[in-house]
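One structure is given here, and the rest of the page talks about it.
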Amino acid sequence: MRDQGISEEEVMEGLQRMRERDLSYHRIFSSMCTPPHPIALLAHEKFQETNLGDPGLFPGSAELELQAVGMMAELLGYPDACGYLSTGGTESNIQAIRAARNGYSFRDGNIVVPKSAHFSFDKIGDLLSLDIRKADLDDDLKVDLSSAESLIDDKTVSLVGIAGTTEFGQIDPIDEMGEIAADYGVHLHVDAAFGGFVIPFLEGDWRWDFRVEAVTSITIDPHKMGMATIPGGGLLFRRPEDLERLAAYAPYLTLARPKALTGTRSGAAAAAIWAVMNHLGKAGFKEVVGRCMDLSRRMVDGARKVGIEPVIEPVTNVVTLRMDDPEGVRADLLERRWRVSTTRSPKALRLILMPHSTAESVDLFLEDLGDVVKRRG
Ligand code: 0PR
């Protein structure tokens, strides 16, 4: 650190130079994040000094968290669900599995996750000393139920299903997984970090949330498709006793038994989540998700015109385009200033059509994709 500080103007100039090095979202198809809704920014600003870790000092912020959790509980099919706002999908997944594990006396347990699970589950294995057993996928890249079932034993503390997989946007058969979880008496955690603010607004009825009786906990991320500010995560439990197993003891705080993994927690994130959910309502989210799905289909239709097929028809707003050398295509597209990602198995170019995506950006991208593919022969 400097001995003597510099002026506000110099600080702001320094920040501006760095900010200009960051990319803007409009040529990004590789991210599950998006610029926050303008109302989220207003809310965030208003609450940026508040701390949910000491709610007695900030009862208004604490009430926003409670109401935001309540709105998500209702969205996920069980208004009485309880939980808290986390820093994102990783924390929510860690805490859901920790709550499940803490219900058992042994500490050498395992969890069964699909091979498509997010890498946060590998961290969970390390942090909680659990064996992470990975079940095969079927041809549609959903978990293979018999593979999952075969991995469950008497040391299994949770089965995990994904509603909106990171790589392919697929939704696991949560209903059928529920039957398995009930048969074996294990927790069923659903990772809907991405899909939580998508699937409730899709056409058709997907039984994947708390309406499936065996689902014990759900991860849902407002800082992805919820258009809230980062860090905004959500974790919900069906039963208060599962949440209670996360409690620590902090007698000097205004909340004696905090449940979150982190201590100090941003009230600004709670305000942003509350603001977006109240402002958009279900109708607003339906419109946003509808637009992202229309763009996903536009992307697939355009890719087909240049001879590229999707790995699966998009179930959520993730498009994966099958090709032999997605890394090479990604590099060529990068030269044209597009940010895309790739998958390894099966090999594909991965594109996420987020609220910041537009028909214009999709069409411009498709032009470049067609050209790149043609040049590569
Ligand atoms: N569960 C699922 C299904 C996810 O897709 C993700 C993250 C997580 C859990 C973990 O969530 P947090 O990152 O909030 O802890 N999915 C994205 C990914 O890893 C996150 C992301 C977002 C990555 C924007 C890059 C990016 O630019 O790909």
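All of the numbers you see were taken from the coordinates with simple rules; none came from a lab. Keep in mind the model is a prediction, meaning the values are calculated, not measured. Note that each Cβ is placed from the backbone with ideal geometry, even for glycine, and that neighbours are counted across all protein chains shown.
The table that follows gives values for the structure above.
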read-out	value
Spatially proximal aspartates and glutamates relative to LYS286 (Cα-Cα < 13 Å; intrachain offsets below 8 disregarded)	GLU203, ASP294
Average projected area [Cα convex hull, region 107-214], square nanometres	6.5 nm²
Extension gain from ASP324 to SER105, taking 0.36 nm per residue of separation minus the Cα-Cα distance	74.0 nm
Rg ratio (alpha-carbon, reference 2.2 N^0.38 Å) - region 50-175	1.20
Label-point gap, in nm, between SER7 and GLN67 - each point 7 angstrom along Cα→Cβ	4.3 nm
Share of pairwise Cα separations in region 38-278, more than 31 Å, in percent	19 percent
Sorted peptide list for 162-172, 140-150, criterion being average Cβ within 10 angstrom, highest first	162-172, 140-150
R0 of 25 Å, Cβ-Cβ distance GLU179-GLU203: FRET efficiency to nearest 0.05	0.50
Rg over Rh, two decimals, region 230-373 (C-alpha only, Kirkwood Rh)	1.14
Nitroxide proxy distance, nm - points 7 Å out along Cα→Cβ at ASP153 and LYS46	5.5 nm
Given charges at Cβ of Lys, Arg, Asp, Glu: the chain dipole, positive-most of CYS82, PRO251, GLY109	PRO251
Cα-based reach from LYS115 at 19 Å (exclusive), listing lysines while leaving out same-chain residues under 8 positions away	LYS123, LYS134, LYS142, LYS347
Share, in percent, of DSSP beta bridges within the chain that are antiparallel, nearest 5	55 percent
Test item: Cα-centred dipole of the chain, Lys/Arg +1 and Asp/Glu -1 on Cβ, debye	500 debye
